[in-house]
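One structure is given below, encoded as structure tokens.
The values are calculated or read from the model by the stated rules, or taken from the named source; none is laboratory data. Source: prediction; values computed, not measured. Glycine also receives a Cβ, built like all others from the backbone with ideal geometry; neighbour counts cover every protein chain displayed. SASA here: full protein model, heavy atoms, side chains in, ligands and nucleic acids out. Shrake-Rupley method; radii C 1.70, N 1.55, O 1.52, S 1.80 Å.
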Amino acid sequence: MNDVIKNAVDILSPLCGGNCKIGLILGSGLGGYAEKIENKRFVNYNELPGFPQSRVEGHKGRFVIGELFGKTVICMQGRFHYYEGYSQSQIALPVRVMKRLGVEKILLTNAAGGVNPDFSPGDLMLISDHINFSGSHPLIGENDESFGPRFPDQSNVYDRDLRAGIREAAKVAGVKLQEGVYMMFSGPTFETPAEIVFARTVGASAVGMSTVPEAIAAAHCGIKTIGISLITNMAAGILDQTLSHDEVQETAATSSVKFMKLVDQIIKTVL
Ligand code: HPA
């Protein structure tokens, strides 16, 4: 694992210009935001020895490095999912690469199902906390103390101060922002209606199949973390409907203008 990280850092570092402090991970249907990056430098995951490959429709598989509002960013256009068969430590690997490249703050985005009945498809939700219900954990195995401690605190995974900044950024951008707890299921099935009743009962506002492994790894190594979910659908059993990945991607596409406006403002004033 350390060799994979080192090789990736050796390849990516010359493209980062020594001043890349912002990481972005773009979720299902949200990868288009990377097109806004100026002076783009691309590295496909398959150019990085031992790196996992992204296989989900709607996900490209590459790093995009460049500038946004005068700041250098490194962006994952396409991420890795537990349901693809990767271990969660593999899913967390790009976050550790970012850490070694000097990233200090990371914005994680995803598509999610709304559990809070006050939410509507197309809403954006600032993640206040998470429930790791995936059945695994990215820090299982030998701990690398150079990243962080064996038993990390999880009281402030989604940085409180950055969250306050993001609420302000949403106001400035004129974008309505919900806030709540993201609960990770492994997928690849969507949840059953009974599982969604359970999720709501234990305090979830939204459910999805990603983000938690990356957030845990980022917080572990001291990267300040922010998460934003695009609610692409109401979760199973809330409305009379069937769920599909096509619907997730369609809602992501129709809400992308709003999403981009918010992320622009976050990069300008918060990250
Ligand atoms: N469940 C899990 N993941 C999702 C959903 C959902 O309803 N919508 C988008 N990603």
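Helix 245-254: angle to the longest alpha-carbon principal axis of the chain, degrees 0 to 90, nearest 10? It works out to around 80 degrees. Separation of region 141-156 and region 189-251, taken as the distance between their Cα centroids, equals 25 angstrom. Across all directions, the shadow cast by the convex hull of region 104-182 built on its C-alpha atoms averages 6.8 square nanometres.
For VAL115, the amide hydrogen comes within under 5 Å of the amide hydrogens of ALA206, VAL207, ALA235, counting only partners 5 or more places away or on other chains and with H modelled in the peptide plane. Within the shell defined by Cβ-Cβ distances under 13 Å, the residues around LYS258 carry a net charge of 0, with Lys and Arg each +1 and Asp and Glu each -1.
The Cβ shell under 13 Å around ASN156 holds other residues with a net charge of -1, Lys and Arg each +1, Asp and Glu each -1.
Calculated on the alpha-carbon coordinates, the convex hull of the chain measures out at 114 cubic angstrom per residue.
Calculated accessible area for the chain comes out at 41 Å² per residue, all protein chains present (probe 1.4 Å; ligands, DNA, RNA ignored).
Within the chain, the cysteines lacking any other cysteine Cβ closer than 4.7 Å to their own Cβ are CYS75, CYS221. Counting protein heavy atoms only, the chain has 50 percent of its accessible area on carbon and sulfur, 1.4 angstrom probe.
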